[in-house]
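The values are calculated or read from the model by the stated rules, or taken from the named source; none is laboratory data. Source: prediction; values computed, not measured. In this analysis, Cβ positions are derived from the backbone assuming ideal geometry, glycine residues included, and neighbour counts consider all displayed protein chains. Just the protein is used for accessible areas: all its heavy atoms, side chains included, with ligands, DNA and RNA removed. Shrake-Rupley method; radii C 1.70, N 1.55, O 1.52, S 1.80 Å.
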Amino acid sequence: MATYAADIVRRLLDAGEWSGELPGERQLSERVGVSRPTLHRALRLLEKEGRLSWRRNAPWVIANGAKRARPTRRAVFLSPYKLEELDPFSLHQYALLSGYAAERGLQFELVALPSVADGTAHRALEALQRKLNPTVWILYRCSPSSQRWFVENRLPAVVMGSSPHELPVRSVDVDYRSVGRHALALLRRLGHSPERIAYLGPEERLVGNVEAETGLLEGAEDGAKPHLHRVPVNDTGTLVATVDRVLAEENPTALVIMRPMHALAVLGHLGRRGVDIPGRLSLLVLDDNPILRHAIPSPSRYVKNPQRFSTLLRRAIDSTLEDSGRQRGEARMIPELEQGETLGRPKA
């Protein structure tokens, strides 16, 4: 991560972003999208290259202070998360986008702004737009309210994820509605009744999460519905307490889980409780993370092709760069089911 952060700072230096000295490490870590310790290691790497010099209790000094012309074209990857907080799939997409931006002659950087996740970032976004004036914004895990701000201000943006159907913005995502329908149909074919299926989804009301729930309910058709539960994204204690309550009150035969890291925590908790998977309880994950390949038992999950996703994302950005009008364009990818070891027929 320090090497990657050093590359970002190096590109900003080459673009003439600063003259004489760098801003403070706190401000710079927010700009680069990494923690301060990671940034400091990155700056030390640049110091060894002779690009920077540093004395204790003094700013970092740019070795060659001649300011070059700022580029007129840049792409900004906007996310609530810093670089090291991205999941492996999203980090891979970020790396591929970095190469794509270089090919298109775009300066590329990440801006981590936690408030874009809950839609309270409008004032901060105004300041960022004035400061950076990107050629295109790439919005990752930004709330529908934050996405709407870009549309209302007529700014070129592509959503790496899903967007509300009424917003004229291009977006690229997995077709989670189809995934939800397929998941419930699969479990029903194995003999699981919808009312004995419990779904654990994140509290954050991103469009993709809502689509997954919609698909699950549609898959139940006119009969009984699965039980839907929403849990905090980063609160493992609440997650396992919810699992315990669901097992005690609903006696499910199958769990459907949206987020891979939730699935990993649930697998560990059920193993600690001695719950037999899939003998006592089947488990199906609607998304993927490479770390799940190392889980025991191997979770059954829907896997998305990163290269295919990257191709769709680049096409959406190309269309946005070439078209000044705001046109809606949904690119939805169907992932493949990877049959792991966590699906079985319910006990009689």
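All but one of (1) open to solvent by 20 Å² or more (accessible area, probe 1.4 Å); (2) in a loop (DSSP other than H, G, I, E, B) hold for CYS142; which doesn't?
Going through (1) open to solvent by 20 Å² or more (accessible area, probe 1.4 Å); (2) in a loop (DSSP other than H, G, I, E, B) one by one, CYS142 breaks only (1).
Checking ARG154 against (1) open to solvent by 50 Å² or more (accessible area, probe 1.4 Å); (2) modelled with pLDDT of 90 or more; (3) assigned to a helix (DSSP H, G or I), which single condition isn't satisfied?
With respect to (1) open to solvent by 50 Å² or more (accessible area, probe 1.4 Å); (2) modelled with pLDDT of 90 or more; (3) assigned to a helix (DSSP H, G or I), ARG154 is out only on (3).
Could you pull out the residue among GLU195, GLU250, GLU152, GLU211 that is touching a helix residue (DSSP H, G or I) at 6+ places or on another chain (Cβ under 9 Å), more than 30 Å from GLY274 (Cα to Cα) and of a type in the set (Asp, Glu)? Outline the logic, then answer.
Numbers: GLU195 fails: more than 30 Å from GLY274 (Cα to Cα); GLU250 fails: more than 30 Å from GLY274 (Cα to Cα); GLU152 fails: touching a helix residue (DSSP H, G or I) at 6+ places or on another chain (Cβ under 9 Å).
It is GLU211.
Is there any pair with a first residue in region 18-43 that is in contact (Cβ under 8 Å) with a residue 40 or more places away in the chain and a second that is charged (D, E, K, R) and in a loop (DSSP other than H, G, I, E, B) whose Cβ atoms are under 7 Å apart and which are 6 or more apart or on different chains, and what are they?
SER19/LYS67; GLY33/LYS82; VAL34/LYS82; SER35/LYS82
I need the full set of residues from region 218-230 which are open to solvent by less than 50 Å² (accessible area, probe 1.4 Å) and either touching a Ser or Thr at 6+ places or on another chain (Cβ under 8 Å) or modelled with pLDDT under 95 (or both), in order please. Talk me through it step by step, then tell me what you get.
If we filter region 218-230 for residues that are open to solvent by less than 50 Å² (accessible area, probe 1.4 Å), which is where we start, we get 219-220, 223-224, 226, 229.
Those that are open to solvent by less than 50 Å² (accessible area, probe 1.4 Å) and either touching a Ser or Thr at 6+ places or on another chain (Cβ under 8 Å) or modelled with pLDDT under 95 (or both): GLY219, ALA220, GLY223, ALA224, HIS229.
Yes or no: LEU313 of a type outside the set (D, E, K, R), open to solvent by less than 20 Å² (accessible area, probe 1.4 Å) and in contact (Cβ under 8 Å) with a residue 24 or more places away in the chain? Before you say what the answer is, go through the steps one by one.
Working: of a type outside the set (D, E, K, R): yes; open to solvent by less than 20 Å² (accessible area, probe 1.4 Å): yes; in contact (Cβ under 8 Å) with a residue 24 or more places away in the chain: yes.
The answer is yes for LEU313.
State whether the residues of region 106-121 include one that is touching a residue at least 40 places away in the same chain (Cβ under 8 Å), assigned to a loop (DSSP other than H, G, I, E, B), within 23 Å of TYR94 (Cα to Cα) and among the acidic types (Asp, Glu). Don't jump to the end; show me each part of the working.
Let us first name the residues in region 106-121 that are touching a residue at least 40 places away in the same chain (Cβ under 8 Å), namely 107-112, 117.
In the following step, the residues that additionally are assigned to a loop (DSSP other than H, G, I, E, B) were identified as none.
No, every residue in region 106-121 fails to be touching a residue at least 40 places away in the same chain (Cβ under 8 Å), assigned to a loop (DSSP other than H, G, I, E, B), within 23 Å of TYR94 (Cα to Cα) and among the acidic types (Asp, Glu).
For region 13-22, how many residues are outside any helix (DSSP H, G or I) and open to solvent by 30 Å² or more (accessible area, probe 1.4 Å)?
Filtering region 13-22 for residues outside any helix (DSSP H, G or I) gives 15-22.
Those still in the list that are open to solvent by 30 Å² or more (accessible area, probe 1.4 Å) too: 18-21.
The qualifying residues number 4.
I need the full set of residues from region 231-263 which are open to solvent by 60 Å² or more (accessible area, probe 1.4 Å) and under 25 Å from ARG181 (Cβ atoms), in order please.
ASN251, MET261
When you scan region 80-96, do you find a residue that is over 23 Å from THR311 (Cβ atoms), out of contact with any Leu (no Cβ under 7 Å at 6 or more places or on another chain), of a type in the set (Phe, Trp, Tyr) and open to solvent by 20 Å² or more (accessible area, probe 1.4 Å), even just one?
The answer is yes, given that some residue of region 80-96 is over 23 Å from THR311 (Cβ atoms), out of contact with any Leu (no Cβ under 7 Å at 6 or more places or on another chain), of a type in the set (Phe, Trp, Tyr) and open to solvent by 20 Å² or more (accessible area, probe 1.4 Å).
Taking the stated definitions as given, is LEU125 touching a residue at least 40 places away in the same chain (Cβ under 8 Å) and in a helix (DSSP H, G or I)?
Values: touching a residue at least 40 places away in the same chain (Cβ under 8 Å): no; in a helix (DSSP H, G or I): yes.
Spelling it out, it is not the case that LEU125 is touching a residue at least 40 places away in the same chain (Cβ under 8 Å) and in a helix (DSSP H, G or I).
I'm trying to understand the selection: among the residues of region 38-69, which are within 34 Å of the chain's Cα centre (by Cα), exposed (fewer than 12 other Cβ atoms within 10 Å of the Cβ) and either among the basic types (Lys, Arg) or modelled with pLDDT of 85 or more (or both)?
Passing the criteria: only LYS48.
With the structure loaded, tell me whether ASP276 is outside any helix (DSSP H, G or I), open to solvent by 30 Å² or more (accessible area, probe 1.4 Å), over 23 Å from ARG177 (Cβ atoms) and of a type outside the set (Phe, Trp, Tyr) or whether it fails that test. Quick ask: steps written out before the conclusion?
On the way: outside any helix (DSSP H, G or I): yes; open to solvent by 30 Å² or more (accessible area, probe 1.4 Å): yes; over 23 Å from ARG177 (Cβ atoms): yes; of a type outside the set (Phe, Trp, Tyr): yes.
Considered against the rule, which asks whether it is outside any helix (DSSP H, G or I), open to solvent by 30 Å² or more (accessible area, probe 1.4 Å), over 23 Å from ARG177 (Cβ atoms) and of a type outside the set (Phe, Trp, Tyr), ASP276 comes out as yes.
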